[in-house]
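Notes for the one structure printed next.
The values are calculated or read from the model by the stated rules, or taken from the named source; none is laboratory data. Predicted model, so just to flag it, every value in this text is computed and none were measured. Here the Cβ positions follow ideal geometry from the backbone for every residue, glycine too, while neighbour counts run over all protein chains shown. Keep in mind that these areas ignore ligands, DNA and RNA; they rest on the heavy atoms of the full protein, side chains included. Shrake-Rupley method; radii C 1.70, N 1.55, O 1.52, S 1.80 Å.
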Amino acid sequence: MNTLTKTYRHEYVIGDLQGCFDAFNRLLVALDFDENLDKLWLCGDIVARGENSLDTLRQVKRLSDKGALTTVLGNHDITLIATWRGLLPIKAKDNTASIFTAPDCDELLNWLRCQPFLVYPSEKTVLTHAGIPPNWKVKDAKAYAKELQIQFSGSLKQLDRLLPNLYGKKADVWSDKLHGYERMRAIANYFTRMRLCDKDGMLEFSFKETLGDDMPKGFRPWFEWEVTRKRKILFGHWAGLKAQIATDKVRALDAGCVWGGQLLAYRLADEKIIVVESKGEM
């Protein structure tokens with residue numbers, strides 16, 4: 001049976017919100033966003049260190065329920081889910097405590113845990129929170145993302161068994177022979193924590209600085225390894241890039257709003273960039 005696909009007036013991909021509710025709403029005004037006509041795609045990290053993670057999460061869910069928004073999950077979203085399930089304490093530097101005392105907490109977090117790790121905003125693009133490593137084909141990455149999403153969106157008992165196994169300092173070298181929780185941890189790390197990797201795809205977790213800083217020997221940004229792709233990879237996660245990486249292969253979208261930078265929207269049709277500052281006027 002053929003399924004009709006809705007045609008939108010405008011579609012935008014937006015960088016990490018991180019709970020920056022005021023900037024998010026000012027950006028929607030700058031876009032002249034109409035939730036009945038337009039569509040948003042989010043890079044993940046909906047919550048964390050901004051001024052209002054609860055209302056940001058509520059607004060994102062409402063727009064998603066309406067069909068006007070799709071998000072992928074980021075590392076801060078996974079942390080929120082793990083905190084909800086009692087695995088992690090609330091981080092003092094994360095402004096997320098109000099979520100756990102909200103009457104709709106379970107509704108919000110049950111929705112959040114069912115969101116994907118990879119989506120196709122258009123025929124020419126693919127979106128994940130942190131990117132796609134050079135040792136993965138996009139079609140394989142899509143399959144790996146689905147594996148992880150199934151684990152997150154299953155029963156709460158399944159989720160509670162999974163979550164403790166996602167945390168660890170070990171950087172697994174990817175192999176399709178990985179199985180069980182080791183495989184799930186590797187997939188989650190690539191999609192939500194990746195910045196640097198070596199030629200074999202091994203991740204390096206400590207580096208968070210800019211491209212001008214010294215990097216560990218043998219490692220470079222994942223997008224600097226030469227790989228032929230048919231789709232442009234859209235990603236957030238790395239605020240230190242200030243959304244300055246823009247080539248025919250990749251587009252960085254986290255402009256560091258939560259750190260005093262900008263919140264950025266990338267219009268899919270013509271690649272136009274619209275930004276608002278973290279505070280103050282548009």
- Inspect the stretch 106-113 for any residue being surrounded by 15 or more Cβ atoms within 10 Å (Cβ to Cβ), within 18 Å of the chain's Cα centre (by Cα) and under 17 Å from Met184 (Cα atoms) and give the result as yes or no. yes
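Each row is one residue, and each column tells you yes or no for (1) acidic (Asp, Glu); (2) within 15 Å of His129 (Cα to Cα); (3) open to solvent by 60 Å² or more (accessible area, probe 1.4 Å).
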position	(1), (2), (3)
Ala243	no, yes, no
Thr247	no, no, yes
Leu253	no, yes, no
Val258	no, no, no
Gly261	no, no, no
Leu264	no, yes, no
Ala269	no, no, yes
Lys272	no, no, yes
Glu277	yes, no, yes
- Task: Return yes when Ile99 is out of contact with any Cys (no Cβ under 9 Å at 6 or more places or on another chain) and among the β-branched types (Val, Ile, Thr) and no when it is not.
- Result: no
- Task: Looking only at the stretch 34-69, count how many residues are outside any helix (DSSP H, G or I) and either buried (at least 21 other Cβ atoms within 10 Å of the Cβ) or touching a helix residue (DSSP H, G or I) at 6+ places or on another chain (Cβ under 7 Å) (or both).
- Result: 16
- Just one of (1) in contact with a Phe, Trp or Tyr (Cβ under 7 Å, 6 or more places away or on another chain); (2) in a loop (DSSP other than H, G, I, E, B) trips up Leu211, so point out which. (1)
- Query: Any idea how many residues of the stretch 208-240 are open to solvent by 10 Å² or more (accessible area, probe 1.4 Å) and farther than 14 Å from Pro134 by Cα?
  - Reply: 14
